[in-house]
Amino acid sequence: MNLTQEPEIVNFPATHYVFVEKVGPFMQTAGQAWQTAHSFVPDLSKNNKITGYMSLYKTGPKVYRAGFALAGPPVDLPHGLAYEKFNGGKYARFVLTGPYSDLPAASGAAWNTVSEKKIAVRDDFAIENYMNDPRVTPEDELITHILIPVT
């Protein structure tokens, strides 16, 4: 697994975010949420500019959001997608290079590092920000920013 070992503290910007939300164990809900979210892309793209793909999640209770950053507030949001202006904030960022199948282990390692370094975590959504397109990027070159909310 190719994961940065030291977190970089960054400020994630406020983002117009549309998403599908699922509650329950991530191994069961994440794939379902993304499958549903992807089905909205054609209709969403008719009136909105998608600027990124990202998931937001909380570990307790287990809430997983699969969705899209937009250039502005959504226009004619397809039924089944929710919208929120995500405030962003301060995050510890780790970078995973490689397949999405490495994300569970990479995320666990990132959280362990934050805990071991005694970095104070705030109660907010963690983020997986997918930096390139898996449809055209080889798996071993996929880049995902794992962002853990910190004080």
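Please treat every number below as a calculation from the coordinates, not as lab data. Computed from a predicted structure; not experimentally measured. With ideal geometry, Cβ positions are generated from the backbone for all residues, glycine too; neighbour counts draw on all protein chains shown.
Listing Val114, Val23, Val41, Val18 from fewest to most neighbouring C-beta atoms within 10 Å gives Val23, Val41, Val114, Val18. Loop sites here are trypsin sites (Lys or Arg not before Pro) outside DSSP states H, G, I, E and B with no more than 10 other Cβ atoms within 10 Å. The longest part of the chain free of them is 1-116.
Note on region 100-148: Cα convex hull, mean projected area over all directions, 3.8 nm².
Straightening the chain between Asn87 and Met1 buys 27.9 nm, computed as 0.36 nm per residue apart minus the Cα-Cα spacing.
The smallest convex shape that holds all Cα atoms of region 9-63, its convex hull, gives 100 Å³ per residue. Using a simple spin-label model with pseudo-atoms 7 Å out from Cα toward Cβ, Thr36 and Ile119 lie 3.1 nm apart. The length gained by stretching the chain between Glu141 and Asp43 to full extension, at 0.36 nm per residue less their Cα-Cα distance, is 32.4 nm. In whole angstrom, region 2-149 maps to an equivalent ellipsoid with semi-axes of 25, 17, 15, each derived as √(5λ) from the alpha carbon gyration tensor and ordered largest first. The base-10 log of I(q)/I(0) for region 67-151, evaluated at q = 0.19 Å⁻¹, reads -0.97 [Debye formula, identical scatterers on Cα atoms, solvent excluded].
Pairs of Lys residues in the chain that lie 8 or more places apart, or on two chains, and have C-alpha atoms under 19 angstrom apart add up to 8.
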